[in-house]
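Student: Have a look at this one.
The values are calculated or read from the model by the stated rules, or taken from the named source; none is laboratory data. The structure presented is a predicted model; accordingly, all values stated were derived computationally and were not measured. No Cβ is skipped: glycine too gets one built from the backbone with ideal geometry, and neighbour counts run over all protein chains shown. Only protein heavy atoms, including side chains, enter the accessible area calculation; ligands, DNA and RNA are left aside. Shrake-Rupley method; radii C 1.70, N 1.55, O 1.52, S 1.80 Å.
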Amino acid sequence: MSHDDFDQEPVKGLPELPPEGEVILWQGRPDWWALTREALNIYWVIGYFLFLFAWRFVILSDQVTLTQAISGSTPFLVLG
């Protein structure tokens, strides 16, 4: 027996029509990119891991070859 509780929604997101005299003023959902930018400060996080990558690259570039310095610094980008 297949039964879907959400098969018939008169208004998207509501199980039934609002009571008489009531209206929906606003119905929406959060924007994931705005939340990422504002709440999680994604640009600061990206900048932090780019700084760690560059710092590690500069430190390693004096001691090993260029390809080894890049491969030694890449985990910071992966973590970011």
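Student: Pairs needed: first member in segment 39-68, of a type outside the set (A, V, I, L, M, F, W, C); second member anywhere, open to solvent by 60 Å² or more (accessible area, probe 1.4 Å) and in a loop (DSSP other than H, G, I, E, B); C-beta distance under 9 Å; at least 6 residues apart or different chains.
Tutor: Short answer, once both residue conditions are applied: Y48/G80.
Student: Still on this structure, please answer the following. I'd like the residue in segment 59-80 that is surrounded by 11 or more Cβ atoms within 10 Å (Cβ to Cβ) and aliphatic (A, V, I, L, M) and, out of all such residues, is farthest from W33 (Cα to Cα).
Tutor: Per the stated criteria, the residue is V64.
Student: Let me ask another. Kindly provide the set of residues from segment 25-65 that are more than 15 Å from the chain's Cα centre (by Cα), assigned to a helix (DSSP H, G or I) and of a type in the set (G, A, S), ordered by number.
Tutor: G47, A54, S61
Student: Inspect segment 43-53 for any residue being open to solvent by less than 70 Å² (accessible area, probe 1.4 Å) and aromatic (F, W, Y) and give the result as yes or no.
Tutor: Within segment 43-53 (the criterion being open to solvent by less than 70 Å² (accessible area, probe 1.4 Å) and aromatic (F, W, Y)), the answer is yes, since at least one residue qualifies.
Student: Now for a different question. May I ask you to say which residue of R37, R29, R56 is surrounded by 13 or more Cβ atoms within 10 Å (Cβ to Cβ) and of a type in the set (K, R)?
Tutor: R56 is the lone residue from the list that is surrounded by 13 or more Cβ atoms within 10 Å (Cβ to Cβ) and of a type in the set (K, R).
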